[in-house]
Structure formats: structure tokens, C-alpha cells
1. Would the stretch 172-182 turn up any residue that is at pLDDT below 95, more than 14 Å from the ligand (Cβ to nearest atom) and under 30 Å from residue 2 (Cβ atoms)?
2. For the stretch 180-190, does any single residue satisfy the condition of being of a type in the set (S, T, N, Q), part of a strand (DSSP E or B) and open to solvent by 30 Å² or more (accessible area, probe 1.4 Å)?
3. For the condition more than 16 Å from the ligand (Cβ to nearest atom), without any contact (Cβ under 8 Å) to a residue 60 or more places away in the chain, polar (S, T, N, Q) and not in a loop (DSSP other than H, G, I, E, B), what is the one hit in 79, 124, 72?
4. Residue under question is residue 199, and the condition is that it be in a helix (DSSP H, G or I), closer than 28 Å to residue 9 by Cα, touching a Ser or Thr at 6+ places or on another chain (Cβ under 6 Å) and modelled with pLDDT of 95 or more; does it hold?
5. Of everything in the stretch 82-94, what is assigned to a strand (DSSP E or B) and either open to solvent by 20 Å² or more (accessible area, probe 1.4 Å) or among the charged types (D, E, K, R) (or both)? Give them in sequence order.
6. Out of 269, 229, I need the residue that is modelled with pLDDT of 95 or more and within 15 Å of the chain's Cα centre (by Cα). Which one?
7. Residue by residue through the stretch 127-169, note down the ones that are open to solvent by less than 40 Å² (accessible area, probe 1.4 Å), in contact with a Pro (Cβ under 7 Å, 6 or more places away or on another chain) and either within 16 Å of the ligand (Cβ to nearest atom) or polar (S, T, N, Q) (or both).
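The values are calculated or read from the model by the stated rules, or taken from the named source; none is laboratory data. As the structure is a computational prediction, the values presented were derived from the model and not from experiment. Cβ sites come from the backbone with ideal geometry, for glycine too, and all protein chains shown count toward neighbours. Ligands, DNA and RNA are stripped out before the accessible areas are found, and what is left, the full protein with its side chains, is counted by its heavy atoms. Shrake-Rupley method; radii C 1.70, N 1.55, O 1.52, S 1.80 Å.
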Amino acid sequence: MKVGIIGAGTMGSGIAQAFAQCADVDTVYLCDIKEEFAENGFNKIKKQLDKRVAKGKMEQSAADQLTGKIKTGLNTICTDADLIVEAALENMQIKKDLFKELQENIVKNPNCIFASNTSSLSITEIGAGLEKPVIGMHFFNPAPVMKLVEVIKGENTPDEVVDQVKAISEKLGKTPVQVNEAAGFVVNRILVPMINEAICVKAAGVSDIEGIDNAMKLGCNHPMGPLELGDYIGLDIILAIMDVIFAETHDNKYAASPLLRKMVRGKKLGVKTGIGFYNYADGKKVPTDKQ
Ligand code: CAA
């Protein structure tokens, strides 16, 4: 199977690695709007694999075989793809334009499946007006590790495409969960308001950053506290998902925290900008209320 990943950011490169790990996949096209962005995504994968080799968790030959499957470039290299997974910016128009271009001008394989890794946008709307159906194939960060794929059936996604994507997810060693069209799907509808609530708790001065994260780690056995997880996912993504769920439901329980909005405006987005609830300068992780 040949897979085209459109967008080589955190999610795109992680998804590319997840596919390259699969024996049924011989080629992964990792694409972005500039070749250098795609190269950066590839380097992230290489760095991650180098770490595993250094720890003795992977043979160098296995790492080489995996990276050897990945070809980087512009999306024009995806001509013979069997599956496209779009992981571009969370912007409806960008996604619609991308799928139109891929379907009309680039992908020549008539049986290609077109999937989006959107974290909350409507699959039905992404697919509206396109010649071929679109399906949601939502991975979780870090994509090579996390076991879930939400398979989102838009209003016009045929059942057979849903079944094909579930089978592909299983081949990746993941567990697919079928989800109907709904803002935030299952995980983000539950997880993101929880992170938003943790930010409200911080803004209300109920505890400090480490206190809130430790409470949820030790009290609920979560692997990461909600504020560090927000930093890890990206606070801009958290805000975008809250706004999508609110716009769809008009329910005030999904109103984004003003502190979250302020931090996003200030480009304090978490790990990716080096500062969010924690400061990541010099490879450290220091709560910003303890500096
Ligand atoms: N890419 C690839 N592999 C990675 C990785 C990455 N970015 N980060 C960690 N790993 C691997 C490590 O190599 C390691 O593998 P081995 O055991 O085989 O060596 C394994 O994951 C565990 O990593 P660590 O030992 O370094 O650290 P850890 O045990 O603390 O686990 C974690 C790290 C998996 C990220 C864990 O903290 C965790 O599960 N956190 C919660 C993550 C989560 O909730 N993700 C969902 C976010 S929501 C989302 O993504 C959807 C959305 O649309 C917003």
C-alpha cells in the first residue's frame, strides 16, 4: 500500500511514522507546501528513531528500513497513492481546496481513499462538492504510539469506505472506533473541555500549575496532567476545538476560557513555541507560575 500524508507537522510526521511501521505499507509520501517543511517532518521521525536505536529498543537496520519507505516532497508526488491522510492546518477552506486539487489533478489511482485527520471539523462539509467521498481518520498524539483511530463517517461517506479504513487502522496495530459526524467526535468532545476546565481552575486560583497537573495524574492515573497535555497538544488547537464545539452547539459549557484565549493571542502555545503553562527553554520544563 502507498500512503500520502499531506502536512508534515507534529501530527503528519507522527502519522507517517505510524504507516511506515506497518509491513503492508511500502511507500509513505510525506508532503507539505514547501519541500523543506516535509524534510523537517522527516527529520523529526529520524530523530525519534535515533533515540530508540540509542536506547537499544530498535536495530539500526529496522530504523533504516522504516525511513527508507518515506519520500518527502510536495503533494504532487502522491499520484499512485492508495490512501491520502490529510493533516494540514485546521482550516475548512484549506482542507476543501486540498482535497479538490488532489482528487482533480494529482491522484490518478481511481480506488484511492481520501481521509482527513481533522480534530473537530465536519467531515461532511470537508467532502461537500467533491467528486469522491471523504472520511475522518483521526490519530492521537504521539501517533506512532497511541492505539486509537477515530473513524468518522460523514453524512455522505459510504459504509464500504468506513470498513476499509477500519481494516487499515487494524493493520497499523490500532483500534478503530467508529464515530458519527459531530463536533469534536468522541475524544476531543470529552478531553478538550476537561483541559479547558483545568485552565479555568488555574485562572480561578484554585491551585497552581503543578498542583492541578499532579492532582489529575495522581488522583485519576492520567499519564499527563491537563495543563501539560494542553501544552503538548498545542493551546491553539485546544482553543480551535473549543470554538468549533461551541459554534456547533451554542452551549455555554463549551465556552473557551479567557485565559486560554489570551495565551493563544500571546503565542504561548505550549511545547511548539517553547512556552505555555510551562517554560521549555534549555530542554527544561518549568511551571510558568514558579519562575
Ligand atoms: N513519537 C514517537 N514515539 C514516541 C513519542 C513521539 N512523539 N513520544 C514518546 N514516544 C514513545 C517512546 O519512544 C516510548 O517508546 P518505547 O517504550 O518503545 O521506547 C514510549 O512512547 C513511551 O515514551 P516515554 O517513555 O518517553 O514517556 P512516557 O512513558 O511518559 O509516555 C506519552 C509518553 C506516550 C506521551 C504519555 O505521556 C501519554 O500517553 N500521554 C498522554 C498523551 C495523550 O493523551 N494523547 C492524546 C492527545 S489528544 C490528541 O492527540 C487528539 C487531538 O486531536 C488533539
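1. yes
2. Yes, the stretch 180-190 contains a residue that is of a type in the set (S, T, N, Q), part of a strand (DSSP E or B) and open to solvent by 30 Å² or more (accessible area, probe 1.4 Å).
3. So the residue among 79, 124, 72 that is more than 16 Å from the ligand (Cβ to nearest atom), without any contact (Cβ under 8 Å) to a residue 60 or more places away in the chain, polar (S, T, N, Q) and not in a loop (DSSP other than H, G, I, E, B) is 124.
4. Criteria met by residue 199.
5. At the first step, the residues of the stretch 82-94 found to be assigned to a strand (DSSP E or B) are 83-86.
The one that is assigned to a strand (DSSP E or B) and either open to solvent by 20 Å² or more (accessible area, probe 1.4 Å) or among the charged types (D, E, K, R) (or both): 86.
6. So the residue among 269, 229 that is modelled with pLDDT of 95 or more and within 15 Å of the chain's Cα centre (by Cα) is 229.
7. 149, 151, 157, 169
Yes or no, residue by residue, for (1) over 23 Å from residue 273 (Cα atoms); (2) of a type in the set (S, T, N, Q); (3) touching a Cys at 6+ places or on another chain (Cβ under 8 Å):
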site	(1), (2), (3)
6	no, no, yes
13	no, yes, no
24	yes, no, no
28	yes, no, no
51	no, no, no
